[in-house]
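*Asks:* Just dropping this structure here.
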Amino acid sequence: MAAAGVRMLTRSRSGGPGAGLRGCGEEAAPLRRGQVAAEGRKRHRPVKHQRKAQRLHVAYEAADGENGKGAEPLEAAAWEPQGWRQQLANIRTMRKERNAPVDQLGAEHCYDPSAPPTVQRFQVLLSLMLSSQTKDQVTAGAMQRLRARGLTVDNVLRMDDSTLGALIYPVGFWRSKVKYIKQTSAILQERYGGDIPASVAELVALPGVGPKMAHLAMAVAWGSVSGIAVDTHVHRIANRLRWTKRETKAPEETRAALEEWLPRELWSEINGLLVGFGQQTCLPIRPRCQSCLNRTLCPAACSP
C-alpha cells in the first residue's frame, strides 16, 4: 500500500556547518573530476587539501508504520468548492417542504400515469420540450390540454399546426415548438416505434431537444442518471455559490464543471433541489439573501 505521505530528503555525509537535511528541489551541482585542483591553479596557490566531493544519499521519509519501500508520491487532491457540503445541507433544509412550482408541476408530474409506458415516456419528453423558457405553471396547463385530446405520437401527427399551436399556447416560442413537436413525433414513429430513444446522444439529435431535456428525460422516463441537468436556475446558483472553478457563461459549461467534482450519487438530486431553490429564494433578480441560510457562506450574498 502506498505511503500516506512521502517527503523526499537529501542528507549530506559531511559533518561541517549546514550538514543535515536539504529540502527537495535544492539540488547540489555535481563536481567534475579535477575541478577543485583546476580552481586552485587559477588562483596560483597550491592546493593543500583537496576536499572530497560530497556524496548525496536520497531517502524517502515515510509516514509512521511504513518502511518506505515502493512509496509513491500522492496525487494532488481534486478541486472542490470550499464549504459546499454545508451550503448543500442548508439548501436541503430550506427545500424540505418541497412546495416550489417544480415540485408539483415538473416533468415527472405532467404525464398520464395510467397510460402505457411508451406513451408515458413520450409525454415526459413533450413536457420537457414545452418547458424551455416557460414557467412550470404554463407548461402544466399546456400538457393538460394536450392530454385531454389524447397525447400520443399518432394523435399529434394527425393534428394540424393551428390546432397544436392553440393547445400549447402561450408557452415560450410556441410557433417553433409546434414545428419541433411535429418533426420529433414523426422521427419517433418512423425510427423508434412511437417510443423515445434511451440515450442522450439520440435524444439531443431530435429537433427541439437540448442537453438539459435529454438528461431529465433519461432520469424521469428511463430511470437512468446520465448527467446533471442544468437549466438557468442551476447555472445561476452554481456561479453565485462559486461551485465552478471559474465563472461559466452557459448551462452546458456549468454542467461539465459540476460533473468534474460533484459526487455522482448527488447528480439526480441537484436539478430539482436547485431549481426549487431558485424559484423561491435565490431569484434571478433581487434574491432573498436575508432569508437564506447561506447568506454568510455565499460569495454573492447581498449586503443588508
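*Asks:* The conditions are (1) open to solvent by less than 60 Å² (accessible area, probe 1.4 Å); (2) free of Cβ contacts under 8 Å to residues at least 60 places away in the same chain; (3) not aliphatic (A, V, I, L, M), and S132 fails exactly one of them. Which is it?
*Replies:* (2)
*Asks:* Another question, then. Residue check: is V138 among the hydrophobic types (A, V, I, L, M, F, W, C), out of contact with any helix residue (DSSP H, G or I) (no Cβ under 7 Å at 6 or more places or on another chain) and either on the phi > 0 side of the Ramachandran plot or assigned to a helix (DSSP H, G or I) (or both)? Reasoning before the result, please.
*Replies:* Numbers: among the hydrophobic types (A, V, I, L, M, F, W, C): yes; out of contact with any helix residue (DSSP H, G or I) (no Cβ under 7 Å at 6 or more places or on another chain): yes; either on the phi > 0 side of the Ramachandran plot or assigned to a helix (DSSP H, G or I) (or both): yes.
Spelling it out, V138 is indeed among the hydrophobic types (A, V, I, L, M, F, W, C), out of contact with any helix residue (DSSP H, G or I) (no Cβ under 7 Å at 6 or more places or on another chain) and either on the phi > 0 side of the Ramachandran plot or assigned to a helix (DSSP H, G or I) (or both).
*Asks:* In the set R175, R191, R147, which member is part of a helix (DSSP H, G or I), open to solvent by 20 Å² or more (accessible area, probe 1.4 Å), modelled with pLDDT of 95 or more and touching an Asp or Glu at 6+ places or on another chain (Cβ under 8 Å)?
*Replies:* On the way: R175 fails: touching an Asp or Glu at 6+ places or on another chain (Cβ under 8 Å); R191 fails: touching an Asp or Glu at 6+ places or on another chain (Cβ under 8 Å).
It is R147.
*Asks:* A further question on this structure: Looking at the structure I just gave you, is T163 surrounded by fewer than 18 Cβ atoms within 10 Å (Cβ to Cβ) and not in a loop (DSSP other than H, G, I, E, B)? Explain how you work it out, then say what you get.
*Replies:* On the way: surrounded by fewer than 18 Cβ atoms within 10 Å (Cβ to Cβ): yes; not in a loop (DSSP other than H, G, I, E, B): yes.
The answer is yes for T163.
*Asks:* Which count do you get for residues in segment 194-220 that are of a type in the set (A, V, I, L, M, F, W, C), crowded, with 22+ Cβ neighbours inside 10 Å and part of a loop (DSSP other than H, G, I, E, B)?
*Replies:* Residues that pass the stated criteria total 3.
*Asks:* May I pose another question? If I filter segment 246-265 for residues that are surrounded by fewer than 16 Cβ atoms within 10 Å (Cβ to Cβ), within 14 Å of the chain's Cα centre (by Cα) and of a type in the set (F, W, Y), do I get at least one hit?
*Replies:* yes
*Asks:* Residues being within 27 Å of R288 (Cβ to Cβ) and either under 9 Å from the mean Cα position of the chain (by Cα) or assigned to a loop (DSSP other than H, G, I, E, B) (or both): count how many of those fall in segment 222-237. Break it down into steps so the answer makes sense when it comes.
*Replies:* First pass over segment 222-237, keeping only residues within 27 Å of R288 (Cβ to Cβ): 228-237.
Imposing the further condition that a residue be either under 9 Å from the mean Cα position of the chain (by Cα) or assigned to a loop (DSSP other than H, G, I, E, B) (or both) reduces the set to 228-231.
Selection size over segment 222-237: 4.
*Asks:* Oh, and also: Kindly indicate which of I228, I237 is at pLDDT 95 or above, closer than 30 Å to I196 by Cα and crowded, with 21+ Cβ neighbours inside 10 Å. Can you show your working first?
*Replies:* Working: I237 fails: closer than 30 Å to I196 by Cα.
Exactly one of I228, I237 is at pLDDT 95 or above, closer than 30 Å to I196 by Cα and crowded, with 21+ Cβ neighbours inside 10 Å, namely I228.
*Asks:* Another question, then. Has segment 110-123 got at least one residue that is in a loop (DSSP other than H, G, I, E, B) and among the aromatic types (F, W, Y)?
*Replies:* So far as segment 110-123 goes, yes, one or more of its residues are in a loop (DSSP other than H, G, I, E, B) and among the aromatic types (F, W, Y).
The values are calculated or read from the model by the stated rules, or taken from the named source; none is laboratory data. Given the structure is predicted, the values throughout are model-derived calculations rather than measurements. For neighbour counting, all protein chains shown are included, and Cβ atoms are generated from backbone atoms with ideal geometry for every residue, glycine included. Accessible surface areas use protein heavy atoms only, side chains included; no ligands, DNA or RNA. Shrake-Rupley method; radii C 1.70, N 1.55, O 1.52, S 1.80 Å.
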